[in-house]
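Quick notes on the structure that follows.
No lab work stands behind these numbers, since they all come straight from the coordinates. As the structure is a computational prediction, the values presented were derived from the model and not from experiment. Cβ sites come from the backbone with ideal geometry, for glycine too, and all protein chains shown count toward neighbours.
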Amino acid sequence: MNENRLSALIAERILREGPMRLDSFLELCLYHPDSGYYSRADSRRDFVTVAQRSSLFRECVAAHLVEAPERFGWSEPVFVELGAGDGELLATLWEKVAARGWGERVFFVERGGRRQARALARAPGAAPLLSLAALPARREVIIFANEFFDAFMPRLFALENASLSEAYVAFDTASDHRFALTFEQVRLPDAVRDPLLQHDLATLVGAIETKDLARYSTFLFEFQESLASYCEIFTEFESAYVLAFDYGYTMAEIENYPRGTLMAYARRVATEDVLTDCGARDVTCHVNFSLLETWLERAGFPEQARASQSSWLLEHGLLEFVEAAAPDRKREALNDFKSLVIPGTMSETFTALEAWKGCNRS
Ligand SMILES: C[S@@+](CC[C@H](N)C(=O)[O-])C[C@H]1O[C@@H](n2cnc3c(N)ncnc32)[C@H](O)[C@@H]1O
């Protein structure tokens with residue numbers, strides 16, 4: 001099946017059942033089992049992540065993760081990477097963990113079938129899991145995720161003169177046979193079912209309403225309900241450490257994104273149009289770190305820390321990895337280092353989020 005057939009399949013469903021909520025539409029575009037972007041055999045690299053690009057990043061992060069159990073006084077740790085992609089970081093982590101004799105304790109969760117196969121080829125000793133919930137350990141869990149949380153497709157809302165509506169995808173048969181957004185009015189708290197999420201959505205709307213909205217006739221914002229559900233899995237762990245890198249904003253910064261943050265990527269070109277070329281483009285959104293922190297707190301992580309990715313890397317010995325580079329790799333390592341820490345580069349816009357539960361940090 002190609003992207004035209006995926007578009008036809010989605011169009012048929014919309015014509016049969018009516019407009020589709022945007023998060024469901026995007027789920028199909030990314031994860032349809034045959035022709036979703038992440039499932040396709042020919043999936044290209046439309047977006048290069050820091051874990052793919054930078055060996056210094058991989059070395060620094062993997063070293064930190066492998067040393068974590070010792071810092072917490074843990075003797076039987078398990079390591080899991082969420083959304084391991086093609087497995088570049090997983091391979092470095094697995095090597096370091098195996099060198100300590102814990103090789104069989106590395107797991108990864110990767111939803112894209114082809115990506116899972118490529119990750120396994122790079123880290124053959126790591127065990128793929130269908131879901132984090134299937135991890136065969138409940139304690140001493142070290143969890144790593146790079147650009148994973150931004151892959152949870154959000155619901156999209158519009159706030160206009162205190163009136164809230166939600167984005168659905170319609171199919172326009174009258175004129176140009178294209179997908180188009182249509183907005184349906186919703187009320188708080190009915191927009192979501194779970195009372196805690198009703199509270200979160202109301203908090204988000206409240207945060208937007210406190211800003212100076214006079215400049216915008218309509219304020220668009222996302223709500224990653226599926227990410228909130230995913231975080232519930234973390235509740236099951238008795239002791240765990242999470243390290244995640246992603247891009248996003250806090251509640252206080254939301255006014256910087258009046259048009260929402262959804263972006264589609266094809267051949268390294270970014271566009272705001274997420275409705276065309278179903279299955280042929282990667283789609284991401286910024287993570288709302290304030291909400292993510294709330295969801296982790298509910299999952300039992302009382303201690304959390306947030307920093308820019310560049311300052312986290314510097315604090316965790318990035319420079320030492322440059323110094324340790326072999327003479328013939330020094331120049332490359334220095335360039336890599338610069339790309340990770342120079343102000344104004346991508347690395348500054350990324351955030352490192354750490355969360356601890358049941359970890360002895362004294
Ligand atoms: C932007 S990629 C990042 C890949 C890799 N971590 C890296 O830094 O190169 C996000 C990955 O998360 C995977 N993913 C998204 N949602 C997932 C889920 N619920 N379970 C497992 N994998 C998921 C996608 O298939 C994709 O490979």
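Per-structure values
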{"item": "Selection from Met153, Tyr168, Pro189 lying farthest towards where the dipole of the range 78-229 points positive, charges on Cβ", "result": "Met153"}
{"item": "Nonlocal amide H pairs with Gly248, under 5 Å, H built at 1.01 Å", "result": "Val287, Thr351"}
{"item": "Which of Leu243, Ala99, Leu340, positive extreme of dipole for the chain (C-beta unit charges)", "result": "Ala99"}
{"item": "Global form of the chain, assessed from the alpha-carbon gyration tensor, a/c cut-off 1.5", "result": "prolate"}
{"item": "The range 203-244-the range 142-178 distance, computed between alpha-carbon centres (Å)", "result": "14 Å"}
{"item": "Share, in percent, of DSSP beta bridges within the chain that are antiparallel, nearest 5", "result": "65 percent"}
{"item": "Fraction of antiparallel bridges per DSSP, the range 38-185 only, in percent to nearest 5", "result": "50 percent"}
{"item": "Fully extended contour minus Cα-Cα distance, from Glu303 to Val48, at 0.36 nm per residue", "result": "88.7 nm"}
{"item": "Sites Glu67 and Thr276 - FRET efficiency at Förster radius 35 Å, r taken between beta-carbons, to 0.05", "result": "0.15"}
{"item": "Peptides 60-71, 299-310 ordered by average Cβ neighbours within 10 Å, highest first", "result": "60-71, 299-310"}
{"item": "0 to 90° range, to nearest 10: angle between helix 3-17 axis and the chain longest Cα axis", "result": "50 degrees"}
{"item": "Cβ charges +1 (Lys, Arg) and -1 (Asp, Glu), total dipole of the chain, debye", "result": "760 debye"}
{"item": "For the range 47-71 and the range 287-320, distance of Cα centres in Å", "result": "15 Å"}
{"item": "Estimated inter-spin distance, Asp190 and Asn256, nm [label 7 Å along Cα→Cβ]", "result": "3.6 nm"}
{"item": "Per-peptide average of other Cβ atoms within 10 Å, ordering 97-103, 326-332 highest first", "result": "97-103, 326-332"}
{"item": "Protection-proxy order for peptides 175-186, 122-133, each taking the mean of Cβ atoms within 10 Å per residue, highest first", "result": "122-133, 175-186"}
{"item": "Sequence-distant residues sharing a close amide H with Ala127 (under 5 Å, placed H)", "result": "Val106, Phe107, Phe108"}
{"item": "Segment Glu315-Gln198, length gained on full extension (0.36 nm per residue, minus Cα span)", "result": "38.4 nm"}
{"item": "Computed helical MRE - 222 nm, the chain, DSSP H runs ≥ 4 contributing -39500 (n - 2.57), nearest 500", "result": "-10500 deg cm²/dmol"}
{"item": "Shape of the range 238-353, Cα gyration tensor, a/c cut at 1.5", "result": "oblate"}
{"item": "Shape category assigned to the range 139-228 from the gyration tensor of Cα positions, a/c cut at 1.5", "result": "oblate"}
{"item": "Cross-link pairs beyond the 29 Å C-alpha cut-off, checked among Lys96/Lys357; Lys96/Lys338; Lys96/Lys330", "result": "none"}
{"item": "Loop trypsin sites (Lys or Arg not before Pro), the range 234-287, which have at most 15 other Cβ atoms in a 10 Å radius of their Cβ (DSSP)", "result": "Arg267, Arg268"}
